[in-house]
Amino acid sequence: MTASLPQPMRLREGGLINRNRPLTFTFDRRVYQGYEGDSLASALLASGVKLFGRSFKYHRPRGVFSAGPEEPSALVEIDQGKAERDPNHRAPMVELYDGLETFSQNHIGPLGLDLMEANDLISRFLPAGFYYKTFFFGGLQAWYRFYEPIIRRAAGLGRPPMEADPHHYDKIYTFADTLVVGGGIAGLTTALSLARAGQSVLVCDERDRVGGAALWQGERFDGQSGAAYGDHLVAEIEAAGGRVLPRTTVFGVYDGGIYGALERCQDHLAKADRRVHTARMKYHRIQADRVVYATGAIERSVGFMGNDRPGVMLASAGHAYLGRYGVRVGQQPTIFTTNDGGYAVAAALAATGADVTLLDARADSRLEAEGVRVLRGVHATKAHGRMGLHRVDYGGAQSGSLTTDALLVAGGWNPAVHLTSHTNDRRQSKPVYDADLRAFLPPELVDSEAASGSVTGALGTADCLASAAAAAAKFGGAALDTPAVDEAVAVSAPKELWAVPGAGQAAFLDLQNDATVKDVGLAAQEGFRSVEHMKRYTTLGMATDQGKTSNVNGLALLAAATGREISAVGTTTFRPPYTPVPMGAFAGHHRQRDYEPFRYSPVYDWAEANGATFVEAGLWMRPSWYTQAGEADWLESAVRETRATRDQLGITDVSTLGKIDIQGPDAAEFLNRLYTNGWKSLPVGKARYGLMLREDGFVFDDGTTSRLAECHFYMTTTTAKAAAVMAHMEFVHQSAWPDLQVAFASVTDQWGGLALAGPKSRDCLAALFPELDVSNDGMPFMGVIETTWKGHTARLFRISFSGELAYEVAVPADVFDAFWREAMAAGAQWDITPYGLEALNILRIEKGHVTGGELDGRVSMDDVGLRKMVSTKKDFVGKAMSRRTAFSDPDRVKMIGLVATEADERIIGGGIVFDSKDGPFDHTTMLGYVTSVAAFSPLKDRSIALAFIKNAADYHGRTLYVVSHVHNRAIIEVTAESPHFYDPKNEKVTG
Amino acid sequence: MDQSVIRSPLGPSWTPGHYGTVATGDDGSAEAGIRALHTPGLLLVEIAALPGKGEAMRAAVKKGLKLDLGDGSPAASLPNAVCSGPDRCLLTGFDLAAVKAAVGDLGLAVDQSSGRVRLSIDGADVPGLLAKSCPLDLAKWPVGMSQASHFLHIGCTWYRRSETGFDLYIGRSFARSAAEWLIESAAEFGVEILVPDA
Amino acid sequence: MLIPCPHCGLRPSEEFVPKGLAEAPRPALGGRAKPDGPAWQNYLHLRDNVADHSHEYFHHALGCRSWIVVHRHTLTHEVTGATMAADFWKADKPAKGAKDAKSPTAETAEDGQ
Ligand SMILES: [Zn+2]
């Protein structure tokens, strides 16, 4: 089978593509063909496409500039088949598959006729810092109304998808003795040497195929091509127990030998071939004892007018399209070089029959390339051709103009030092400028790091292999036979040429951000001397490519403009990620409803089947209310549940309370130190309410703790603070009193618990445990009985949170569902009513019990009226600080109850309390704030609340006003009274 | 004890059967890379020594329960006695009274039969599932060693029973989420939820 | 960042919860120290924030539940070791008040209420 659509720039032979497998794809809805092994960029170039997109700021037509991950210009949207289009894919990195649908970016109307191109015509008025300066005029309003919408539309890269990412991602913990970043010949050579020495080696290569530049440069290893030799090395590495991951970019280096890598598992496959249960991408969190940076080098350009025109690209890109894909990027190409490397590209193109001219910026070069016309001491001055290059002007030793359809620029190589400087903190140093190589080299590496290949500054294959051997030797690698290398590429350090003389506006450095030579000069002129400031002012080096092709030129020009050495200017700080990583990859499975685990009570299924609406309380799913037929809203259900509990019998699930089992001869002493009140006198078989402070004296948590035996206690905490209390107990035990003879364990999940509340709760308990005496004498208030239910341990506690006669029963969680159902059956004769958190809230506010709303970390014991809980005879956590003078400030807010004056008005949660309705409603007149609201209290027949106000005792019986600034300053009139609205003498609870 | 009132801590998603990728075996049958089992009603007791009593407690456990906990390190764990922290252990198959009798006043013994859920996984692709779910290096994890760590960020204790066999002890209230996530994460390899022995 | 838990071995920081610098032991029980006195202020609030080796409390919350003291260099993030919190103040830390922190004084033995 052969391709039927024209590929005019494809050579008849050559390249690592499978010409027996043509693939059909679209770009801007037009149909093209390429071959298996093509990238989107190579296939479009083969088809004669030059225009790939529009630039970020000026909307200039742009082509493809590189053949790798550094691509700044050719960004496309891809239809992934699930959501809408996925933007900002670098065309050289997109692997071709049958049915690939792609779209160009950053234009309004057709790509060839972008309505925003006017930005280019006025570009001289849009210099660096333009936004910062211009939008001072007219102020914020003008920004929001006028400038911002236009700029949002005109600037930016691609269009963000408007829906949630539909793909699935995985996070993988990966381990290796040694991580090798980069699967070029150097990296693979080092990896093989280490694998042969018995290390577990992981090689990550970001391309679809290992081999690096040897895939296209043409050098031979023991007579084999770079591709074949690379495959041979992979086979040997795997035979020695190593792993090689293609399509995997190591994007970050972190403390302690942690590396982030992104493996692309699906995007290169035709949609029909994608595996349903495999992640689109896997985020590898790699832990390795050692790392070898074999990250290669990235070619750089030179600043001259029109160096961004479609058809101008890096020389290495032209070489790669020819060598790897069999695509000749021009029939009449021009090479503009500052070093020997340009000659190899020129010769390779000339060998295909192309008409090649080489402009060598060096006057003293003596190199020749077969079939190539060479002009020495000459540099490109201007490239012409808005939609596609057709002519280039040159100057220098001689000047003139050439007809040409491709201009390949060889400005020298920048070692890819990015990863080597992610942990600059560790080494306290940054990349080092080598004035001879005219390149930044990695900083001094620490013992666990080595570098291999051209990232070290090595030029040429033999030098790279020597550096590979040196890296392996640093980590004790096995000796390998060095292959006989047939060098195809002459190499040299470049002449220093960052921009040609006279280059200014439209001489681009950063093609992605449209930052020009002139912008850097302007930044320097305006006093930006730091390279970091220059980056932010000009935006050079920002966005998805992070200036991989532009940074060094920019900082070199800044050095020149400010009269400093390049080494004194230095690089900007390289940070992860090296290339863009979708947020979804970091999240992995943990998104939407899987963001965190849910915790389920043993009676979750029962509650769900019985009309519960759940609320997330921390991680717990808790019933908020149970809807019955005919009920209009949550309040109607909650009020019914409240009334049933006060009048008859309610049941609620308290399985979520924190529970801690404490044992040991010092258990009572331990409780004494944790709680403000005393525990040594608590008899076996009794519970006690306890209050904990933080060490700084603020209230921490409360709960009841029961003495099951002389040396055995059972503590409960609030649901919200369960984990914090456990960690706190572990902290004080281990850090302050490690010898205290006590041990404890969380038993929160071991026990299911229910509360029976209401006048009939005793009858219901008696029905459940007919053999027990649960009368007021048999089981007085705060009594505890340990018994069994169907052979399983059951613990009965006479405690109350609702203010009613109430009991809590705990049984092992495995049998709690069965026990709950039996309680429902036993209570049926009293119309037992399950109640949720909303009813519980109404009940406890009526009773004046505090919860997290009140115990918010800002209150003292006095503020919540719990000073009586303090034992003066002992020390406890927080005691010293609880006596700090600020806590006795008479201006401190203290708890009070509020009752709405009007029956149909609801007090607003978070409202601010004032004693006048005339205002001003600000901090000068504010008395305090509302912490908890019952939208309706059956007891008061209206809304009630708990609040904290200054001089609370003075306000009992007085009219106050609750103002909500977030509800248009709604004012609710209330009367203040004791927060213990219900049964203040505790007769219900104890009777 | 009435066993009939015991309910599974795992939700409806934990139903025996095959989930995810189906690979076909040599005989044409569907193969799962991972097999997973939950055993309901397992007896489980947590013990923890009082400060300074670790060695004495282990000696008492050796005498009373015939369990040799060695030096109490994670590496000295046994299939039915899994170290979950310093001087702390999860014992399976013993009832609370027997453990209490053995431990005596040297430490804490508390029933966790309902509090902890044990999920057992086995199969050629278990390393792949572990790589997705816990931060532990299998190369440095000998068979017979426990590790207190996490499973998809849910705190847990792991025990390596064999080259590809692991037990996962996890809090009951988390078990439903853990079970769902286990099936989702294992789907890439195919997972067979096994029927527990009666 | 990896943390060498003395019980579990090398583990990633995601398993730990930090608490802050371990620069002063908890003052003696007994309640005699004044709240504004130096012992409590040092314990609760005063930290040197050095650009050097430091000692920090971490809780191995998703792990063995030990509180440990991690030795970390604040500039390079290099972690050089960790000690069980239970041993930290006993060992080479004869700092002011360290002795008192270990055991309660007689006063605390009395029950309140
Ligand atoms: Zn640990």
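Report the residue, chosen from B:Lys140, B:Lys132, B:Lys100, that carries the largest GNM mean-square fluctuation when chain B is represented by alpha-carbon nodes joined by springs under 10 Å. Among B:Lys140, B:Lys132, B:Lys100, the largest mean-square fluctuation in the Gaussian network model of chain B belongs to B:Lys140.
For chain A, take the longest principal axis of its alpha carbons; what is the angle in degrees between that and the long axis of helix A:226-239, to the nearest 10 within 0 to 90? For helix A:226-239, the angle is close to 40 degrees. Taking the charge dipole of chain A about its Cα centre, with +1 at Lys and Arg Cβ atoms and -1 at Asp and Glu Cβ atoms, the residue from A:Met715, A:Val732, A:Ser567 reaching farthest to the positive side is A:Ser567. Distant-in-sequence amide contacts of A:Tyr32, defined by a placed amide H-H separation under 5 Å and a gap of 5 or more residues or a different chain, comprise A:Phe25, A:Thr26, A:Phe27. Backbone geometry of the range A:305-315 corresponds, through the Karplus equation with coefficients 6.51, -1.76 and 1.60 at θ = phi - 60°, to 3J(HN,Hα) couplings of 4, x, 6, 10, 4, x, x, 8, 8, 5, 4 Hz, x marking Gly and Pro. To test your reading of the geometry: what angle, between 0 and 90 degrees and rounded to tens, separates the Cα axis of helix A:722-731 from the longest principal axis of chain A? The angle comes out at about 80 degrees.
Students often get this wrong, so check it: of A:Lys868/B:Lys100; A:Lys760/A:Lys847; A:Lys686/A:Lys847; A:Lys917/A:Lys950; A:Lys874/B:Lys62, which have C-alpha atoms separated by over 29 Å?
On the way: A:Lys868/B:Lys100 38 Å; A:Lys760/A:Lys847 19 Å; A:Lys686/A:Lys847 23 Å; A:Lys917/A:Lys950 17 Å; A:Lys874/B:Lys62 40 Å.
Over 29 Å Cα-Cα: A:Lys868/B:Lys100; A:Lys874/B:Lys62.
Taking all protein chains together, C:Trp67, A:Trp830 sort by accessible area into A:Trp830, C:Trp67, largest first [probe 1.4 Å]. Taken about its Cα centre, chain B carries a charge dipole of about 740 debye when Lys and Arg each add +1 at the Cβ and Asp and Glu each add -1 at the Cβ. On association of chains B and C, roughly 900 Å² of accessible area becomes buried (total for both chains; probe 1.4 Å). Over all Cα atoms in the range B:44-111, the spread is summed up by Rg and Dmax: 10.0, 27 Å.
Do any cysteines in the protein assembly as shown lack another Cys Cβ under 4.7 Å, and if so which? So far as the 4.7 Å Cβ criterion goes, A:Cys204, A:Cys265, A:Cys464, A:Cys711, A:Cys764, B:Cys83, B:Cys89, B:Cys134, B:Cys156, C:Cys64 stand without a partner in the protein assembly as shown. Rounded to the nearest 20, the size of the Cβ-charge dipole of the range B:44-111 about its Cα centre is 140 debye, with Lys and Arg at +1 and Asp and Glu at -1. Accessible surface calculations at 1.4 Å, restricted to protein heavy atoms, place chain B at 38 Å² per residue. With all protein chains in place and a 1.4 Å probe, the accessible surface of the range A:304-445 carries 46 percent carbon and sulfur. Taking the Cα centre of the protein assembly as shown as reference, the dipole from Cβ charges on Lys and Arg (+1) and Asp and Glu (-1) amounts to some 2000 debye.
Kindly identify the range A:417-535 as rounded, prolate or oblate by the Cα gyration tensor criterion: order the square roots of the eigenvalues as a ≥ b ≥ c, call it rounded if a/c is under 1.5, otherwise compare a/b with b/c, prolate if a/b is larger, else oblate.
The shape class here is oblate.
Couplings for the range A:540-548, taken from phi via the Karplus curve 6.51 cos²θ - 1.76 cosθ + 1.60 with θ = phi - 60°, read 5, x, 9, 6, 5, 8, 6, x, 4 Hz in order; Gly and Pro are left as x.
For the range B:152-198, which residues drop by 30 square angstrom or more in accessible area between the chain on its own and all protein chains together (1.4 Å probe)? The answer is B:His153, B:Arg172, B:Ser173, B:Phe174, B:Arg176, B:Ser177, B:Glu180, B:Trp181, B:Glu184, B:Glu188. Among the helices of chain B (complete DSSP H runs), which have Cα atoms covering no less than 20 Å along the helix axis and a Kyte-Doolittle mean of at least -0.5? Long hydrophobic helices here: B:172-186. With angles folded into 0 to 90 degrees, how steeply does helix A:185-196 sit against the dominant principal axis of chain A? Use alpha carbons for both and round to 10. In chain A, helix A:185-196 runs at an angle near 60 degrees to the longest axis. Of the solvent-accessible surface of the range A:715-822, computed with a 1.4 Å probe over protein heavy atoms with every protein chain present, carbon and sulfur atoms account for 53 percent. By the rule of a C-alpha distance below 13 Å, with chain neighbours fewer than 8 residues away ignored, the aspartates and glutamates paired with A:Lys430 are A:Glu444.
Solvent-accessible surface of chain A, taken per residue with a 1.4 Å probe and all protein chains present: 37 Å². Determine the residues within the range A:735-776 where the difference in accessible area between the chain on its own and the full set of protein chains amounts to at least 40 Å²; count protein heavy atoms only and use a 1.4 Å probe. Flagged in the range A:735-776: A:Ser735, A:Ala736, A:Trp737, A:Pro738, A:Asp739, A:Gln741, A:Ala743, A:Ala745, A:Asp749, A:Gln750. Farthest toward the positive end of the dipole of the protein assembly as shown, out of A:Tyr343, A:Leu45, A:Gly690, is the Cα of A:Tyr343, where the dipole comes from beta carbon charges about the Cα centre.
Candidate cross-link partners of A:Lys382 among the lysines, defined by an alpha-carbon separation under 22 Å and a same-chain spacing of 8 or more, comprise A:Lys50, A:Lys57, A:Lys495, A:Lys518. With the Cα gyration tensor of the range A:658-746 giving a ≥ b ≥ c as the square roots of its eigenvalues, does the rule (a/c under 1.5 for rounded; else a/b larger than b/c for prolate; else oblate) give rounded, prolate or oblate? Rounded is the answer for the range A:658-746, as its axis ratio a/c remains below 1.5.
Using a 1.4 angstrom probe on protein heavy atoms only, the contact between B and A buries about 4100 square angstrom of accessible area, both sides summed. From the residues A:Gly541, A:Ala755, A:Pro22, which one has its Cα farthest along the dipole of chain A in the positive direction, the dipole being from +1 and -1 charges on Cβ of Lys/Arg and Asp/Glu about the Cα centre? The one lying farthest along the dipole's positive direction is A:Gly541.
Could you work out what % of the accessible surface of the range B:104-198 is carbon and sulfur, using a 1.4 angstrom probe and leaving DNA, RNA and ligands out of the count?
Values: 1400 of 2660 Å².
Solvent-exposed carbon and sulfur of the range B:104-198 make up 53 percent of the total.
Using r as the Cβ-Cβ distance of C:Val17 and C:Thr76, and R0 as 22 Å, what FRET efficiency do you calculate, to the nearest 0.05?
On the way: r = 23 Å, r/R0 = 1.03.
With R0 = 22 Å, the Cβ-Cβ based efficiency is 0.45.
Given a 1.4 Å probe and no ligands, DNA or RNA in the count, how much accessible surface is buried by C and A, both sides, to the nearest 100 Å²?
By this definition, chains C and A bury close to 3500 Å².
The values are calculated or read from the model by the stated rules, or taken from the named source; none is laboratory data. Nothing here was measured: the structure is a model prediction, and the numbers come from that model. Note that each Cβ is placed from the backbone with ideal geometry, even for glycine, and that neighbours are counted across all protein chains shown. Only protein heavy atoms, including side chains, enter the accessible area calculation; ligands, DNA and RNA are left aside. Shrake-Rupley method; radii C 1.70, N 1.55, O 1.52, S 1.80 Å.
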